[in-house]
């Protein structure tokens, strides 16, 4: 997912503006010789992400800025085995770029426990541990608690943060976001390490003698509005009787701060349009926003959009208090109907306007922050509520999957077109879901059919048992490294940044295939990003565009062993 960026104090905003092409707050501050020297000193001190160290951590809902020692629950090898499941599952070689599929050794409780189900994956883009991106996933386990005690055996959810230790060649899984024992839990985390959104499971209104757990309660931020880089977040939770308090079964059980939005298309307004209604047969609908994925990050590190599986849930309730009935259209305020294309609308039996269920985009407009998060009238992705995850830096592209077809695809949000990245033909059937990453490197949940419950050797209701890595490049551990350190050093020297996940594995594969470090350096220098980097530093420090002679000079400097930091220092001096 696009998702991730680290910021380092006052230099962060300036550096971000330079890289994003903006100069506000940078040019005027850097024009003097003294300020130029200060910028160079700050730049030289900018820390990089540590690819090769462990990065455990746990978010505590009682203190949104507290990270404490994790509760370590798991130890397994990075790649569970050497098997290339792309071959084992008889995947098509003419469908897309993927040629390798590996099973990751992420097994909660220290074993391949038949009790554990996984869901809602995120391949972090700003967090590495031991040479592999950090993996976030929803972990569910049969447990005790108020919910289970009242309504029978039920699953409890939390969000796990899996980090790889390259020295021990093991994964460590720790609770990243937890919830009180009086509720079912939390799920579906997305954002940066320190500022993120997630969903919560709560009991809804009683249905007969049972309660019903509600997925998609939220989205919630991990910090209140004044502390969060995510805009449009409540400053504090509403108390009973206050505006918006009626939207949540019990605000005392919320472990985050909800995102909100006013006006006909506002997030809060649409949620309220669903709330408190009764459908034919006495069903009480609930608006569900599942698996939100943030995108459209600005230079200040604040996202301006998220896509989510948005639908109304209603139907019968089983003995465990779980709805059955599938996604339904969503009530919206009457005033919203005129703003939404007719092909994205339907109507209730009473003629009330309703959104078609599917993946929808919400946006935050800096020009009208008082409105908060607004539904994008053109933002219906017509994707039938498949889980989608944004591809970092791709514009409007998302990864999605088809469980029945055993495939993972990229969906273009602008054109609504789908293109398969991998299609497998194993017998029995292979389920593939929740893809997260890029078009050429992503993780996904995978199981062989029947992949659910006792028929697969699991407990009743357990599914999504394994996390797999799909790649266009071979991946192996050599000399204790999944990523060649030379690749990281060269990216830092030439471009002043760490490689992204796909870049790291792609260039590692090429170096291991025989490409020299100098060839890697020259390839980066010749790329568009190096030109863009040189141009933007010129704009930020000198308020001019380099001519062809200057550009050639600095490209030669970088190609011959000079570094990005040295280039900035010489230009500023």
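Of all residues in region 202-261, which are modelled with pLDDT of 70 or more, assigned to a strand (DSSP E or B) and surrounded by fewer than 20 Cβ atoms within 10 Å (Cβ to Cβ)?
The answer is none; no residue qualifies.
Considering only strands (runs of 3 or more DSSP E) fully contained in region 370-428, which possess at least 2 residues that are free of Cβ contacts under 8 Å to residues at least 12 places away in the same chain and closer than 14 Å to residue 309 by Cβ?
Details: elements: 373-380, 397-402, 407-412, 417-423.
Of the strands (runs of 3 or more DSSP E) lying wholly inside region 370-428, none has at least 2 residues that are free of Cβ contacts under 8 Å to residues at least 12 places away in the same chain and closer than 14 Å to residue 309 by Cβ.
Name every residue in region 331-364 that is touching a helix residue (DSSP H, G or I) at 6+ places or on another chain (Cβ under 7 Å) and in contact (Cβ under 8 Å) with a residue 24 or more places away in the chain, in order of residue number.
If the condition is that a residue be touching a helix residue (DSSP H, G or I) at 6+ places or on another chain (Cβ under 7 Å) and in contact (Cβ under 8 Å) with a residue 24 or more places away in the chain, then 331, 332, 333, 355, 356, 362 are the ones that fit.
For region 446-482, which residues satisfy the criterion of being modelled with pLDDT of 90 or more and either crowded, with 17+ Cβ neighbours inside 10 Å or within 18 Å of residue 107 (Cβ to Cβ) (or both)?
Once the filter is applied, which keeps residues that are modelled with pLDDT of 90 or more and either crowded, with 17+ Cβ neighbours inside 10 Å or within 18 Å of residue 107 (Cβ to Cβ) (or both), region 446-482 yields 467, 468, 469, 470, 471, 472, 473, 475.
Take residue 190 and tell me if it is surrounded by fewer than 20 Cβ atoms within 10 Å (Cβ to Cβ), at pLDDT 65 or above and under 30 Å from residue 481 (Cβ atoms).
Against the criterion (surrounded by fewer than 20 Cβ atoms within 10 Å (Cβ to Cβ), at pLDDT 65 or above and under 30 Å from residue 481 (Cβ atoms)), residue 190 does not qualify.
Among 358, 379, 351, which is on the phi > 0 side of the Ramachandran plot and within 22 Å of the chain's Cα centre (by Cα)?
358
How many of the residues in region 495-514 are at pLDDT below 90 and over 20 Å from residue 78 (Cβ atoms)?
Of the residues in region 495-514, 3 are at pLDDT below 90 and over 20 Å from residue 78 (Cβ atoms).
Within region 59-78, can one find any residue that is at pLDDT 65 or above, within 30 Å of residue 254 (Cα to Cα) and surrounded by 17 or more Cβ atoms within 10 Å (Cβ to Cβ)?
Checked against the condition, which is being at pLDDT 65 or above, within 30 Å of residue 254 (Cα to Cα) and surrounded by 17 or more Cβ atoms within 10 Å (Cβ to Cβ), region 59-78 yields no hits at all.
Condition first: under 21 Å from the mean Cα position of the chain (by Cα) and either at pLDDT 80 or above or at negative phi (or both). Can you find one or more residues in region 83-95 that meet it?
Applying the first criterion (under 21 Å from the mean Cα position of the chain (by Cα)) to region 83-95 yields none.
Scanning region 83-95 turns up no residue that is under 21 Å from the mean Cα position of the chain (by Cα) and either at pLDDT 80 or above or at negative phi (or both).
Could you run through region 290-343 and say how many residues are at pLDDT 90 or above, under 14 Å from residue 381 (Cβ atoms) and within 26 Å of the chain's Cα centre (by Cα)?
Residues in region 290-343 being at pLDDT 90 or above, under 14 Å from residue 381 (Cβ atoms) and within 26 Å of the chain's Cα centre (by Cα): 7 in total.
Those residues that are part of a loop (DSSP other than H, G, I, E, B), more than 30 Å from the chain's Cα centre (by Cα) and surrounded by 19 or more Cβ atoms within 10 Å (Cβ to Cβ), I need them from region 497-545; list them, please.
Narrowing region 497-545 to residues part of a loop (DSSP other than H, G, I, E, B): 497-500, 513-516, 527, 543-545.
Narrowing the set further to residues that are more than 30 Å from the chain's Cα centre (by Cα) leaves 513-516, 543-545.
Within region 497-545, no residue meets the criteria.
Taking the condition of being touching a helix residue (DSSP H, G or I) at 6+ places or on another chain (Cβ under 6 Å), free of Cβ contacts under 8 Å to residues at least 40 places away in the same chain and closer than 17 Å to residue 126 by Cα, how many residues in region 488-547 meet it?
So the answer is 1.
The values are calculated or read from the model by the stated rules, or taken from the named source; none is laboratory data. All values reported here derive from a predicted model rather than from experimental measurement. When we count neighbours, we look across all protein chains shown, and the Cβ atoms used for this are built from the backbone with ideal geometry, even at glycine.
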